[in-house]
Structure formats: structure tokens, C-alpha cells
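Only one structure is covered here, and it is reproduced in the block below.
The values are calculated or read from the model by the stated rules, or taken from the named source; none is laboratory data. Since we're looking at a predicted model, the values are computed, not measured. Cβ coordinates were reconstructed from backbone atoms using ideal geometry, including for glycine residues, and neighbour counts include every protein chain displayed. All accessible areas refer to the heavy atoms of the entire protein, side chains included, with ligands and DNA or RNA removed. Shrake-Rupley method; radii C 1.70, N 1.55, O 1.52, S 1.80 Å.
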Amino acid sequence: MSDPTFVNYGSDYPLPRLIKGQWYVPYAITSSTDEDGVVIYEAKEAISKTLFEHDLRAVMSDADEADIVSAFNHGVRLQRAKEYPPMQDYLDGIAKDDDAQVQAYKDACLAVKAKYPFLG
């Protein structure tokens, strides 16, 4: 299994990661070159139970706006995935032709989306 430390979607800045209910937010990245010429990157991280935009702006002060938005939105995706209701509830409602159950699932998903909105 690969190390999720540097999940990255095009930016050079590592994104926050959620592990067992704790957010690991990168705040300092250092690089060094060993005697074989291999560049080694190391990220120091702040640990928090929540992920807020102002936290990211504080620890990613050297990042540009696109990196901050990308990191925050990545965290929102992880947080939403943790709180969405099980998809089996939706499929069960469809199989039983239970419109109320399907609507309850949709409403629960929309509540999670409202609780964790994306930036930009």
C-alpha cells in the first residue's frame, strides 16, 4: 500500500490527510540531497481534530491561493466521505420503491454538503 502522506493533484504542496479522526496539516517542507544526488522531501505537520480555512492559511502561509483552496477542498471531501450515510440505504430504498427512504438519503447527503462546503 502506498504512503498517503503526499496525496497531490498537480500542486507541489502536500495536502492535509485525515487519519483516525485527526487532521495532519503540512506546515513546513524541507528538502535535502543525499550523497547519491537523491532529493529527499520531508513535511512537518500540525495535528488537529478539525480542519478550518484559517488553520490552512496559517500553516501554508507560503502557498498560493490555488494550493490553499485545493488543500481545503481535499479535506472537505474526506470529511464528507466520513459522514455520508451508507449508500446501501439509498439502494435499499430504490429496490423497495420506497420514495420516502430515497428522499431521506438525499436529504442526509445534502445536510452533510451544507455542513462542509467547498471553498471557491
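Side notes on the structure shown:
- Criterion violated by F118 - all others in (1) in contact with a helix residue (DSSP H, G or I) (Cβ under 6 Å, 6 or more places away or on another chain); (2) part of a helix (DSSP H, G or I) satisfied: (2)
- All conditions in (1) of a type in the set (G, A, S); (2) open to solvent by 40 Å² or more (accessible area, probe 1.4 Å); (3) at pLDDT 85 or above hold for A58, with the sole exception of (3).
- E65 vs. criteria open to solvent by 90 Å² or more (accessible area, probe 1.4 Å) and modelled with pLDDT under 75: no
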